[in-house]
Amino acid sequence: MEKINIGGQAVIEGVMMRAPRSVAIAVRRPSGEIVIKKEEVIPLSERFPLVKLPIMRGAVALFASLIIGIKALNFSANEAMVEEEGPEKEELSSWAMAGTMAVAFGFGILLFFILPLYLTKLLVPIIGSSNIVFNLVDGVIRVAVFLLYIWAISRMKDIQRVFQYHGAEHKSIFAFEAGEALSVDTVRKYSCLHPRCGTSFLLIVMLVSIGIFSLIPKLWPFYMKAGSRIVLLPLIAGVSYELLKWSAKNDHSRLVKLVIAPGLALQRLTTREPDDGQIEVAIRSMEEALTVNAGYKDDRLVI
């Protein structure tokens with residue numbers, strides 16, 4: 001069988017796995033039962049050939065991943081709160097979850113793009129008016145804020161459980177890529193750090209943004225610079241996607257290993273060693289995704 005790339009995402013008390021033509025979510029309820037949600041997904045590239053173009057495919061992949069991720073979080077949040085199946089079961093509505101994610105996305109824009117720009121503007125009397133220096137300082141502050149944010153949330157108990165499922169996701173993917181039978185014992189021996197992780201992707205986004213934002217004219221007023229950062233996000237995502245795709249295909253190279261090292265180091269904050277039950281959930285999610293995928297063969301990168 002040709003190589004099938006599979007990616008995933010840790011959710012609340014579970015794991016979402018995504019194959020080229022399928023998505024499966026496995027969540028463990030408080031009762032110990034593992035519940036599954038799975039569906040076939042038709043790649044956008046089959047309906048819209050332009051999506052296959054470099055750069056554009058990365059921006060579209062990011063947008064599609066956000067939608068799938070929100071749905072997976074909504075499902076996991078509802079199932080993780082279930083004590084007993086029955087008519088009294090309360091669910092978070094899709095609108096409530098979408099609203100929460102919209103607020104979180106807006107907060108992320110303010111925290112990682114607008115705040116660093118504002119702080120750098122305040123430092124102009126110290127750093128001077130050089131456009132290169134301005135964007136370097138802006139980029140350093142952005143990366144620092146990002147790392148501080150990741151470190152801060154990694155200290156939260158509930159988030160640490162999500163990070164354990166994140167580790168289980170990576171281990172399961174490694175075992176699948178190695179052609180191993182998917183069992184708790186075989187999966188456990190693999191690393192929690194995977195080069196195609198979304199954490200690494202976000203770090204690449206932070207670094208790529210330094211170069212792209214340097215193209216913004218330094219004479220533009222603050223509101224135009226801030227707005228341009230939002231407008232340029234699809235381009236940044238597209239370029240970052242291509243870099244991640246390239247590194248995944250050339251991870252045997254010493255240069256690539258050096259390039260991806262910071263992303264792997266960052267994953268030490270966003271992953272934890274999972275227990276056997278969490279690995280079991282990740283395996284179930286992958287098996288269901290592969291079953292729905294029905295042997296479809298593709299070498300696409302899935303984030």
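The values are calculated or read from the model by the stated rules, or taken from the named source; none is laboratory data. Remember, it's a predicted structure, so these values are computed and weren't measured experimentally. So basically every Cβ, Gly included, is an ideal-geometry build from the backbone, and we count neighbours across all protein chains shown. The accessibility values were calculated without ligands, DNA or RNA, using every heavy atom of the protein model including side chains. Shrake-Rupley method; radii C 1.70, N 1.55, O 1.52, S 1.80 Å.
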Legend entry - Count - residues of the range 142-189 that are small (Gly, Ala, Ser), in contact (Cβ under 8 Å) with a residue 60 or more places away in the chain and closer than 17 Å to Ala19 by Cα: 2
Legend entry - Filter result (open to solvent by less than 10 Å² (accessible area, probe 1.4 Å) and among the hydrophobic types (A, V, I, L, M, F, W, C)) within the range 5-15: Ile6, Val11, Val15
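For the range 263-278, which residues satisfy the criterion of being charged (D, E, K, R), under 10 Å from Ala168 (Cα atoms) and assigned to a helix (DSSP H, G or I)? Lay out the reasoning, then the answer.
Initial filter on the range 263-278 (charged (D, E, K, R)): 268, 272-273, 275-276.
If we keep only those that are under 10 Å from Ala168 (Cα atoms) too, we end up with 272-273, 275-276.
Within the range 263-278, just Asp276 meets the criteria.
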Inset, instruction - Any chance you could count how many residues in the range 10-65 are closer than 19 Å to Ile173 by Cβ and of a type in the set (Phe, Trp, Tyr)? - result: 0
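In this structure, is Glu180 open to solvent by 40 Å² or more (accessible area, probe 1.4 Å) and closer than 30 Å to Glu280 by Cα?
On the way: open to solvent by 40 Å² or more (accessible area, probe 1.4 Å): yes; closer than 30 Å to Glu280 by Cα: yes.
Spelling it out, Glu180 is indeed open to solvent by 40 Å² or more (accessible area, probe 1.4 Å) and closer than 30 Å to Glu280 by Cα.
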Legend entry - the range 116-139, residues that are outside any helix (DSSP H, G or I) and open to solvent by 40 Å² or more (accessible area, probe 1.4 Å): Leu123, Ser129, Ser130
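With more than 20 Å from Leu244 (Cα to Cα), open to solvent by less than 20 Å² (accessible area, probe 1.4 Å) and at pLDDT below 90 as the only criterion, which of Phe105, Phe113 stands out? Explain how you work it out, then say what you get.
On the way: Phe105 fails: open to solvent by less than 20 Å² (accessible area, probe 1.4 Å).
It is Phe113.
Considering each of Ile212, Ile230, Ile260 in turn, give the residue that is in contact with a helix residue (DSSP H, G or I) (Cβ under 9 Å, 6 or more places away or on another chain), assigned to a helix (DSSP H, G or I) and open to solvent by 30 Å² or more (accessible area, probe 1.4 Å). Working first, answer last.
Values: Ile212 fails: open to solvent by 30 Å² or more (accessible area, probe 1.4 Å); Ile260 fails: open to solvent by 30 Å² or more (accessible area, probe 1.4 Å).
The match here is Ile230.
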Inset, instruction - Please determine, by comparing only the residues of the range 143-175 that are part of a helix (DSSP H, G or I), open to solvent by less than 10 Å² (accessible area, probe 1.4 Å) and out of contact with any strand residue (DSSP E or B) (no Cβ under 7 Å at 6 or more places or on another chain), which one is farthest from Tyr190 (Cα to Cα). - result: Phe146
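How many of the residues making up the range 38-85 are hydroxyl-bearing (Ser, Thr, Tyr), open to solvent by less than 20 Å² (accessible area, probe 1.4 Å) and closer than 21 Å to Arg196 by Cβ? Walk me through it before giving the result.
Initial filter on the range 38-85 (hydroxyl-bearing (Ser, Thr, Tyr)): 45, 65, 76.
If we keep only those that are open to solvent by less than 20 Å² (accessible area, probe 1.4 Å) too, we end up with 76.
Now drop any that are not closer than 21 Å to Arg196 by Cβ, which leaves none.
Here the count works out to 0.
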Inset, instruction - Report, by residue number, each residue of the range 185-208 that is more than 30 Å from Phe63 (Cβ to Cβ) and surrounded by fewer than 19 Cβ atoms within 10 Å (Cβ to Cβ). - result: Asp185, Thr186, Arg188, Lys189
Legend entry - Residue in the range 54-61 that is in contact with a Gly (Cβ under 7 Å, 6 or more places away or on another chain), at positive phi and in contact (Cβ under 8 Å) with a residue 24 or more places away in the chain present: yes
